Amino acid sequence: DGGITQSPKYLFRKEGQNVTLSCEQNLNHDAMYWYRQDPGQGLRLIYYSQIVNDFQKGDIAEGYSVSREKKESFPLTVTSAQKNPTAFYLCASSGNSPLHFGNGTRLTVT
Amino acid sequence: DQQVKQNSPSLSVQEGRISILNCDYTNSMFDYFLWYKKYPAEGPTFLISISSIKDKNEDGRFTVFLNKSAKHLSLHIVPSQPGDSAVYFCAALTGTASKLTFGTGTRLQVTL
């Protein structure tokens, strides 16, 4: 079945460590996105990529980095510079269709 | 600056009744609107959309209404079912942009 796989579902890290969240899609979509969900704030766009080897900052890119070396993969690195990294992170992709989301990774940084 | 607003954080409706979820936007360049449904610990799933050239779109129990002059859209669910209990996000897009702007969500609880 086609879809988006985010792993792991739950992730725990110590403050000061970088952590990379995985996102893989087999939908053959060109565009991929990373959103962050916090209580009462909806979904906020971190980074997006419309094509391989190209990506743009979203509304809250500070403290994050991405790469898009393959069409299927769009990993997100949460760096130690991100002040409030604990959140639910959602990856999405789209072709000529509404955004299709993965099931998210809940990151807890203590 | 919240360009898409859902002013009701939560809504409780009895099974069988109509659920009405509201969304307001400030950016007049938005020309395509979507509703997503989200269960806890899962990603949002697409529900229904509407283009700005229409004022209504219907899909089964779900109807979205768009009032461009008021910059307001609403999602009607009738009849409401317990399985509809979820968080609903309104989202908007401009023709030239490739990224969705989401509202803050409304948690719908359908009671028996």
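The values are calculated or read from the model by the stated rules, or taken from the named source; none is laboratory data. These numbers come from a predicted model, not from an experiment. Please note: Cβ atoms are built from the backbone with ideal geometry, for glycine as well, and neighbour counts cover all protein chains shown. Just so you know, the surface numbers come from the protein's heavy atoms only, side chains and all, with ligands and any DNA or RNA stripped out. Shrake-Rupley method; radii C 1.70, N 1.55, O 1.52, S 1.80 Å.
List of remarks:
- A Cβ-based charge dipole, computed about the Cα centre of chain A with Lys and Arg at +1 and Asp and Glu at -1, lands at about 300 debye.
- Where B meets A: accessible area buried, both sides, 1.4 Å probe, Å²: 1400
- Most simply put, chain A has about 90% antiparallel DSSP beta bridges, counting only bridges with both residues inside it.
- Applying 1/(1 + (r/R0)^6) with R0 = 22 Å to the Cβ-Cβ distance of residue B:10 and residue A:44 gives a FRET efficiency near 0.60.
- C-alpha center-to-center spacing [segment B:67-112, segment A:1-39] in angstrom: 24
- DSSP bridge analysis restricted to chain B gives an antiparallel fraction near 90%, rounded to the nearest 5.
- Computed over chain A, relative contact order equals 35 percent, with contacts defined as Cα pairs under 8 Å that lie 6+ residues apart.
- Distance between modelled label sites at residue A:106 and residue B:112, nm, 7 Å Cα→Cβ extension: 2.6
- In plain terms, the chain from residue A:62 to residue A:80 could stretch by 5.4 nm, reckoned as 0.36 nm per residue minus the Cα-Cα distance.
- The charge dipole of segment A:57-110, taken about its Cα centre with unit charges on the Cβ of Lys, Arg, Asp and Glu (plus for the first two, minus for the last two), comes to roughly 40 debye.
- Under Karplus coefficients 6.51, -1.76 and 1.60, residue-wise ³J(HN,Hα) of segment A:16-30 in Hz, glycine/proline x: x, 9, 7, 9, 10, 9, 8, 9, 10, 10, 10, 9, 6, 7, 6
- Beta bridges per DSSP with both ends in the protein assembly as shown, % antiparallel, nearest 5: 90
- When each of the peptides B:69-80, B:49-60 is scored by the mean number of other C-beta atoms lying within 10 Å of its residues, the order from highest to lowest reads B:69-80, B:49-60.
- Computed with a 1.4 Å probe over protein heavy atoms only, the accessible surface of chain A comes to 50 Å² per residue.
- Span from the segment A:62-110 Cα centroid across to the segment B:1-61 one, whole angstrom: 24
- Surface composition of the protein assembly as shown: carbon and sulfur make up 47 percent of the accessible area, probe 1.4 Å.
- Förster-model FRET efficiency, 45 Å R0, residue A:73 and residue B:78, C-beta, rounded to 0.05: 0.60
- Nearest-20 debye value, the protein assembly as shown charge dipole, Cβ charges on Lys, Arg, Asp, Glu: 340
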